[in-house]
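To start, the structure itself, in structure tokens.
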Amino acid sequence: MQDETLLIRSILDGQTELFRLLAGRYANEVLRMVARLVPSQEEAEEAAQDTLLEAFRSLARYDARQAGFRTWLMRIAYHTALKHYRKHHKSVTIVEVKQEWLSNIPDDEADALLDDTTADRVELMERAIDTLKPDDQMLLSLYYFDDRPIREIACITEHEESYLRSRLQWIRKRLAITIKTLENNEEK
């Protein structure tokens, strides 16, 4: 945005009070992003504030040719959320899935399991997502819930697009296997 560029230039020229206006445009989006990994409202608000403070401190390094301001800010929010999560939530229950299982599950079978939106399946999906690493949870959120394009996610996460496509497919298969495992455990 042209007015955003002018606003950033004014902030860098010493009108720092204008940062409040710029940050206000994205504060809710930053909070939503960090809240996906930082479940407590208080901690999420703290992480969102940390994001905006880091953006203010780093504004001189922002390069509009590499990414839009929103994407650049979401990159900071992404890394802040992961750092905050790792600092405050050391224990994550990771369900081990054998690599051979991932190789053997057909894409269409994984898709069918994940496309089922019945209440029971959605509850199992939420439990399965909770078993993913924080990075993978955030990747799912960015792609499926925020509907962001791979190119933008690559900029936010600082990963190659090909890696992200591959990772998303791996995550879908892993979720499908985890859901099947949870279903089988509940039937016993």
Label points 7 Å out from Cα along the Cβ direction at D130 and D107: separation in nm?
3.1
Distance in nm between label sites at T5 and T71, each 7 Å beyond Cα in the beta-carbon direction?
1.5
Which whole-Hz couplings ³J(HN,Hα) result when phi for each residue of region 169-178 is put into the Karplus expression 6.51 cos²θ - 1.76 cosθ + 1.60, θ = phi - 60°, listed in order with x for Gly and Pro?
5, 4, 5, 4, 5, 4, 4, 4, 5, 5
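Report relative contact order for the chain in percent, whole number only (criteria: Cα-Cα under 8 Å, sequence separation at least 6). Display every interim value, and only then the final one.
Working: 151 pairs, mean separation 42.0, N = 188.
Relative contact order here is 22 percent.
Nothing charged except the Cβ atoms of Lys and Arg (+1) and of Asp and Glu (-1): what's the magnitude of the dipole of the chain about its Cα centre? Round to the nearest 20 debye. Don't jump to the answer; show the numbers that get you there.
Numbers: 27 positive and 35 negative charges, 145 e Å.
The calculation lands at about 700 debye.
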Assuming a strict under-16 Å limit between Cα atoms, what lysine pair count do you get for the chain once near-sequence pairs (fewer than 8 apart, same chain) are dropped?
8
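Can you tell me the length gained on complete extension of the stretch A60 to H88, counting 0.36 nm per residue apart and subtracting the Cα distance? Present the calculation step by step, with values, prior to reporting the outcome.
Values: separation 28, 0.36 × 28 = 10.08 nm, distance 2.97 nm.
My answer for the length gained is 7.1 nm.
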Accessible area per residue of the chain at 1.4 Å probe, in Å²?
59
Distance in nm between label sites at E29 and Q169, each 7 Å beyond Cα in the beta-carbon direction?
3.0
Accessible carbon and sulfur surface of region 1-41 relative to its total accessible area, %, 1.4 Å
52
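The values are calculated or read from the model by the stated rules, or taken from the named source; none is laboratory data. Keep in mind the model is a prediction, meaning the values are calculated, not measured. Here Cβ is always computed from backbone atoms with ideal geometry, including for glycine, and neighbour counts include all displayed protein chains. These area figures cover heavy atoms from the full protein model, side chains too; ligands, DNA and RNA do not enter into them. Shrake-Rupley method; radii C 1.70, N 1.55, O 1.52, S 1.80 Å.
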